[in-house]
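Data block below; observations after.
The values are calculated or read from the model by the stated rules, or taken from the named source; none is laboratory data. Model, not experiment: these values are computed from the prediction. Heads up, the Cβs are rebuilt from the backbone with ideal geometry, glycines too, and the neighbour counts pull from every protein chain shown.
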Amino acid sequence: MYLKELTLRGFKSFASVTTLRFEPGITAVVGPNGSGKSNIVDALIWVMGEQGAKNLRGTSMEDVIFAGTSSRPPLGRAQVSLTIDNSDHTLDIDYTEVTISRTIFRNGGSEYAINGSQCRLLDIQELLSDTGLGQQMHVIVGQGRLDAILKADPSGHRAFIEEAAGILKHRKRKERALRKLANTETNLSRLDDLLGEIHRQLGPLGRQARISRRADAIQISVRDAQARLYAEDAQRSMSRRDTVRQELGAVRNQLAVAQRELAQVKVRIEQVEALSSESSPAIAKANQYWHEFSQTRERLNALAQLAEERSRSLAGQIVTNFGEDPGMLVKRAEELESQAAAQTKAVADARIALDKATEERADDEKKLASVRQTLTELRKTAQERDAQIARLRELIAREESAVQLATSRAKDYASQRDSLTSQRDDAQQQLDALRSEADSIADDDGAALDAARATLAECRERLNERADKQREIQSKIISLKSKADALADTLDSRNASGSLERDTDVASLGRLTDFIHVAEGWEEAVAHALDQYASAIVVPAAGNMLHALERAREDKLGKAVVLTASIAGDPATEPGTESEESSAENAGAAPQSGNALAALVTANPDAENPAQAEAVVRTVRLLLADVAAAGTADEAQQIVASGEAMRAVTKNGETFTHGVAAVGGSSISQSDLSLAARRDKALAQVKQLTAQDGGMAEQVAEAKTKRDEAARLVDQESAKRTEARLKAQQAEKSLKSATDRVASFTRQLEQLDRKITETQENCNEHQLKLDDLNRALASARQSTAEHADFDELDERERTLERELNLTREHEVAAKIAWTEASRKGESLSRQAGLLRDNAKETAERRARIEALNDRRREQAAHLQGVADDARAVAAMVEHTLHDVAAKRDELQAAASSHDEELKALRAQRNQIEPKVTDLTGREHALDVNRERLAAESGQLMQKVSDELGLTLEELVGDYGPEQPVPVLDDEGNPVPLDETEAEAGTEEGETGGEAGANGDSALFKTVPYNRQEQKKRLDKARRDLAALGKINPLATEEFEALEERNKYLNDQRNDVVKSRDDLMQLIKDLDSTMVQVFKSAFDDTAEAFEQMFATLFPGGTGRLRLENPEDMLTTGVLVEASPAGKRVKQLSLLSGGERSLTALALLFAIFTARPSPFYVMDEVEAALDDVNLTRLINAFNELRAHAQLIIITHQQRTMSIADALYGVTMRADGVTAVVSQKLER
């Protein structure tokens, strides 16, 4: 790893884009003072994350942006990019080149980037920390850094070693862990506070919750008692309503009968009267008069009642309260106006006082201004005289400097001209050499690189093809394995004989499917032919088979199907047995060998014991001895029909027996033999594909090897091509640079000639000005200036200032008094105006009320007169009505022959009318009573609905007097019956008693309903509820929620405590790691320091020791140095050169103990003599073997060991320019 390229844009004096390319080895940067060499070091420090402006020789970060010159405006941003060669992957990033960029803007914004991607400052610091580059930047030794190292305390020396050892990242992790630990402690404290607060709340809230639960239990008793009382009231109300309805119906029937009779009588009376009227017109006329006078009397009585009612209403509307008295309001307003007038006088007095104070303040200000003006004029005169002399001296000094500067410039220009002339000649020679070198460079236009890339593409394509084939084979293997595993799982799940297989006496060898192999496609046929034996268990001998059957029978394991692997001794094979005879009888039914199904069954080649597999096959073939295999159903039918075999099976599993029976169709699930065959086939394919996969892996490896070789060839050709291109570009740039240098030297010579002439003219001009200024200064010194004593005026000024402060205070007090008096006067006037407005409104309102009262009295009197007149007229009409009735009776008695009948009818009417009236009254009373009862029932229904949420039917059905009352405990729950009481209640329920009719009453204690007891119960519950006081109905829920939150916070606290313990363990581990790393780095650095000090100070001794060895985590590092012949150890007692060399010895020891990829040094040899410089150069030569060195120097001997030189100069426009030269060693 080494620094490859540094690009500066607008950074300090590098206004233009400047790129410096570095190579491994030593690069020297040279140039005159002030040309901007150290700005290169500042740029390196800044781009690697420096945040301190002082370390960049500035006061703020804005100082790094080009500030502009007389000919160039300032820039708005500065940007530095550093490219690092990371071919050895020292940096933990997957790039061979890493470019770090940093940009700052004048508005304060900044950006960081790694390889063009935006990032954070922390990302850059962490990336560089593993290389020993950290906050102290010990690898960059800038101006004053050596002195800073010497002045550093022991902790500062430790910081250098820690940074080189890479402890910075551990320390940052510890700092982050400590911040997290502080936050954790804060969170823990907050959790403790919350838990304490919750614990304080839990006690009172728990008591409230208990009271709430007790209140809920009491509410249950209140509700139950209230419901039972309401239920009884509802029953009574419904009973009374039914009674009233019945009685009202009877009365209405009687009333209807009586009204019909009365109507009939009245009709008859009218008929008889009509006959009488027809017989006597005078009687008819009298009746007409009587009816008209009756109607008039009724109207007059109604008019009188209406007039009296309206008169009383108007009399009640007469207003007697007229409100406040307007006179009193006016009197109060007059009092306030008199107070306002007095306050107005006070305001005028306050205004006069304020004006007087203002005049006094203005007079004092004028006096003070006059004194100050006099003092200013006097001081200005004295200052002008002194300034004139100072300006003359300054001009004289400036002109003297100008004369000296012109003289020295003329000499410098002459020497520069000689130097430039020789440099131009050298540049011309270099230009000629570069032209001949550029002509000799050849290029093949990248043909070899294109061929290598084509070969690489072909190898990659071949590798991809083989890899795709390998992935395809592996995918098939995985699929087939999954298929085989699924089939095996299916076979295992179908196994219901687990108990028999685990029995040691049965000695199961496995299942039938593990021992046989069926020809492909005939699995279902063999399974149907074997039927239940297809899933049989295989045992070694007949005894095991018998034991299995006995075990299945005794343990009720269901159906057991068992086969023996040995047919020796089998009854079916012994001569003379019944089975042999049966086989002999059916010998004619055995299938021919060409289509025997048994021939399709063979031993499983994968069986663990081939002998047992063969034995099992013989057993299976014995079971299939009478079964033939047929291609189609017709063929199978022909085989069994012809007697070739007793049974025939097709490939699809259709079974034909004796030619008279057949079994076929489709099956939901496949047989075990079919599944086993599919499993075995899949496993066989897996073996084949696995073999193919092994061969394909070798092909892929071979293709990868060829691909890697082609890639290496491409890299080699690309490197060659790049190197050739770079050489061509470098040659072209060098040629152009040399041409520019020759032209530049030529222009500079011309400019120097002009400057020499201008300098001589300026020198003569400044000499003439200098003579004139010297004469003017002598004249100014001879003149006398008036001298004034300023003490008296100063004392007068201070006196006037004190008087002015007093008058200002008086003015402020007077202004406040005037403002207060004005506000009070305005308030009094405003209140008086409001009172007068109120008095006016009150008087107007009283007048309106009195007028309205007068109108109402007149209307009431008028209405009363109308009532009196109406009653008088009604009395006159009544008298006339009596006269008409008497006259009518006389005429009727004398003139009609129907009097007797009419008298009888009238007598009957007079008897019926009281009865109708009585019945009507009874009907009305009953109707009113019914409505009253309905209203009471409605109120009761509304009350029940509001308080209990029930209808009357539900209330009476659930809480009626016939329902037993449950006994409740303190929690409001029914009390269950004892066992004996529960049994008794159950027996009563079985006998059909009332107690058994209700399931709840049969399980809980109950008592009969008693209204007085329920009233007492209700009153007691209400008293208990009132005794509880104020109840929080949400206390229970809040208590439960608070308990849940308490539990949650306790869990959170446990988690936080665990996190704290983890952080403390992490900090402990980091401390241990830092101690180990620092101890190792310190030991190596101390050893290297002794060697390096002995090299730089032959015969001297130097060592590093720990300030506090007992505390390796914080101990500082002490530096002791004793040059040859001296007994001092303190660095402060050494000379300047010795101090610088000691600091370099410490730095080089750190560099040796913990090497870094590069080091930058800025004029570190400035204080060294020739001998010490030789020793330092030897140290540089040792460092260059393993690190890159960038050295800023003025020493020619240091330049001589450099591999490349960069010349830095300051142009006339204030911008730094750079030239480079690579040296051949």
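Before moving on, here are some points about what is shown:
- Subset of the range 1180-1204 (residues that are buried (at least 16 other Cβ atoms within 10 Å of the Cβ) and over 55 Å from the mean Cα position of the chain (by Cα)): Phe1180, Thr1193, Gln1195, Thr1198, Met1199, Ile1201, Ala1202, Asp1203, Ala1204
- Test result for Ile1177, of a type in the set (A, V, I, L, M, F, W, C) and buried (at least 20 other Cβ atoms within 10 Å of the Cβ): no
- Residue among Arg754, Arg721, Arg741 that is more than 30 Å from Ile473 (Cβ to Cβ) and surrounded by fewer than 17 Cβ atoms within 10 Å (Cβ to Cβ): Arg754
- Test: residue in the range 81-90 that is part of a helix (DSSP H, G or I) and closer than 17 Å to Thr19 by Cα: no
- The requirement of being in a helix (DSSP H, G or I), in the same structural domain as Leu512 (by TED's automatic domain parsing) and in contact (Cβ under 8 Å) with a residue 60 or more places away in the chain is fulfilled somewhere in the range 620-635, by at least one residue.
- Among the residues of the range 21-60, those that are buried (at least 20 other Cβ atoms within 10 Å of the Cβ) and among the aliphatic types (A, V, I, L, M) comprise Ile26, Ala28, Val29, Val30, Ile40, Val41, Ala43, Leu44, Val47, Met48, Leu56.
- Among all positions in the range 1193-1210, there is at least one residue which is assigned to a helix (DSSP H, G or I), touching a helix residue (DSSP H, G or I) at 6+ places or on another chain (Cβ under 7 Å) and in the same structural domain as Arg9 (by TED's automatic domain parsing).
- Qualifying residue in the range 726-737 (condition: of a type in the set (D, E, K, R), surrounded by 16 or more Cβ atoms within 10 Å (Cβ to Cβ) and under 26 Å from Gln430 (Cα atoms)): no
- Close pairs (6 angstrom Cβ cut-off, 6 or more residues apart or separate chains): of a type in the set (Lys, Arg) in the range 69-97, surrounded by fewer than 16 Cβ atoms within 10 Å (Cβ to Cβ) and assigned to a strand (DSSP E or B) anywhere: Arg77/Phe105
- Test: residue in the range 891-907 that is more than 60 Å from the chain's Cα centre (by Cα), at pLDDT 80 or above and of a type in the set (D, E, K, R): no
- Total residues in the range 627-645, condition surrounded by fewer than 20 Cβ atoms within 10 Å (Cβ to Cβ) and touching a Ser or Thr at 6+ places or on another chain (Cβ under 9 Å): 4
- Picking from residues in the range 19-57 that are in contact (Cβ under 8 Å) with a residue 40 or more places away in the chain and within 21 Å of Ser70 (Cβ to Cβ), the one that is farthest from the chain's Cα centre (by Cα) is Pro32.
- With a requirement of 2 or more residues that are modelled with pLDDT of 85 or more and among the charged types (D, E, K, R), the helices (runs of 4 or more DSSP H) lying completely within the range 909-1028 that satisfy it span 1011-1027.
- The numbered conditions (1) modelled with pLDDT under 85; (2) over 14 Å from Arg297 (Cα atoms) are all true for Ala861 except (1).
- Among the residues of the range 96-133, those that are modelled with pLDDT under 85 and of a type in the set (Ser, Thr, Tyr) comprise Ser129, Thr131.
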